[in-house]
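One structure is given below, encoded as structure tokens.
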């Protein structure tokens, strides 16, 4: 028994020694031989384990990258949300630069600082004051048109009254000068403060919806030609001697961020032609609308005529008189007014009383006690 | 050991090896658990020292094949640890979780000491830091996971009643 144990122990030690020698031999292998051995093992019976480890590493990388990807997606979403406002701001600034290049001189660029809620927007603080050449009653404009007027001036900033202010007035007219009036904020109704009224327009002057209204230059504060708004509709007021129109303002007070303050010396030179492109675009749009309407009307007339011809020919083929008397296209086809002739005197004698040749046959029974 | 016990031990061994190549890289801890050491120790206490030495040598070569620069270091360390565990199984092999945890901790730490010294890749302060800080931490994690797995896989690892 003891010999067997000793023998087993000897075998164990021999195997252990052999394994240690082999391990040391593997450790002592040069790199040129070590790599092929390791590669051979990895590509043969260790391939499944290597594959498992690769997949686990990839899974871990995916888990680690998930947070970064989510953060990237979040920031991307945030940026895309900001992109709309940035595009709008960029567009406004481009327009302002374009306006500046058209005005050329005599203006002070400024930032409008909104102090209160948007719905109460009647005044703004402007980031330019008397040191920059701003004076009281200097007009404030935006690329779209009229914004307001400076009412208080500090050395470094100024206070402006927007067109939404109840005390704001500007003399306005149609670009062709056929209609004049006084523009002010439309303070009644659900849209109070967000639309403009053009009051005091002479009764003979009518304005169509969509017509542009600009400042007239009367009064000495506003130069001529600054867009005030476009006509929406005529509204009824107690003033019977003049018309009042509702205008969509050229400038939304909530969108006023970058503005220009016109200096007094610039006003004397006028702003003719600065918004000419706007007026021209408006006129061109009106022309396009009118031409589109006339083209549609012509097409409708041609179609109606063709339909009428077909109906007449069908009626003629069936031996019936033409259907011109009850033409369905009458509603759209203008027909000449028939010439009224004086009635001829009736020369044929006839009975004045028409007698019934058929006895009355009433199917409704009479009620008892009544007479027919 | 009966045939059923041997099959269950082999299944447990394969599960540990598979965990070593799946769960360990997935977690990617700085002081990782070593499922190969756990598998080796659990196999070593069930076989003769010579068989344990062979298992350790093969398992070491497998682990070394993924790090060719250290080829042989892992085989040497695992051979020694497996032989020692099998030789001392009378002392350490007991149905006591704390003792088993110490067994796992010691096996992993001894393996790390032999491996890093034999690998000769880390030197100086870094080697001391590795052997006295990260290796004990890794050994502790390995012991904890080993005890947990022993608890979970008790039906597989318990000797058959026959």
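The values are calculated or read from the model by the stated rules, or taken from the named source; none is laboratory data. Everything quoted here is computed from the prediction, not taken from an experiment. Backbone-built Cβ (ideal geometry, glycine too); neighbour counts: all protein chains shown.
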Is there a residue being touching a helix residue (DSSP H, G or I) at 6+ places or on another chain (Cβ under 8 Å), assigned to a strand (DSSP E or B) and over 18 Å from residue A:225 (Cβ atoms) anywhere in region A:169-190? no
Just to be sure before I move on: is residue B:132 surrounded by fewer than 19 Cβ atoms within 10 Å (Cβ to Cβ) and under 16 Å from the mean Cα position of the chain (by Cα) in the structure I sent? no
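A quick yes/no check of all residues on (1) in contact with a helix residue (DSSP H, G or I) (Cβ under 7 Å, 6 or more places away or on another chain); (2) more than 8 Å from chain A (Cβ to nearest Cβ); (3) modelled with pLDDT of 90 or more:
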| site | (1), (2), (3) |
| --- | --- |
| B:55 | yes, yes, yes |
| B:81 | yes, yes, yes |
| B:90 | no, yes, no |
| B:118 | yes, no, no |
Give B:107, B:74 a once-over and let me know the one that is in contact (Cβ under 8 Å) with a residue 60 or more places away in the chain and within 15 Å of residue B:37 (Cα to Cα). B:107
Can you name every residue in region B:1-31 that is farther than 20 Å from residue B:151 by Cα, touching a helix residue (DSSP H, G or I) at 6+ places or on another chain (Cβ under 9 Å) and more than 10 Å from chain A (Cβ to nearest Cβ)? B:1, B:29, B:30, B:31
Would you say residue B:64 is more than 13 Å from chain A (Cβ to nearest Cβ) and at pLDDT 85 or above? no
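Out of B:58, B:47, which single residue is surrounded by fewer than 21 Cβ atoms within 10 Å (Cβ to Cβ) and within 12 Å of residue A:23 (Cβ to Cβ)?
Details: B:47 fails: within 12 Å of residue A:23 (Cβ to Cβ).
After applying the criteria, what remains is B:58.
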Against the definition (under 16 Å from the mean Cα position of the chain (by Cα) and more than 8 Å from chain A (Cβ to nearest Cβ)), how does residue B:36 come out, yes or no? yes
Note on region A:131-162: residues outside any strand (DSSP E or B) and within 21 Å of residue A:103 (Cα to Cα) are A:131, A:132, A:133, A:134, A:135, A:136, A:137, A:138, A:143, A:144
Matching residues in region B:39-53 (more than 10 Å from every other protein chain (Cβ to nearest Cβ) and within 22 Å of residue B:117 (Cα to Cα)) number 2
Only one of B:144, B:94, B:75 is surrounded by fewer than 17 Cβ atoms within 10 Å (Cβ to Cβ), modelled with pLDDT of 90 or more and in contact with a helix residue (DSSP H, G or I) (Cβ under 8 Å, 6 or more places away or on another chain). Can you tell me which? B:144
For the list (1) farther than 23 Å from residue A:194 by Cα; (2) at pLDDT 85 or above, I need the number of the one condition that residue A:97 fails. (2)
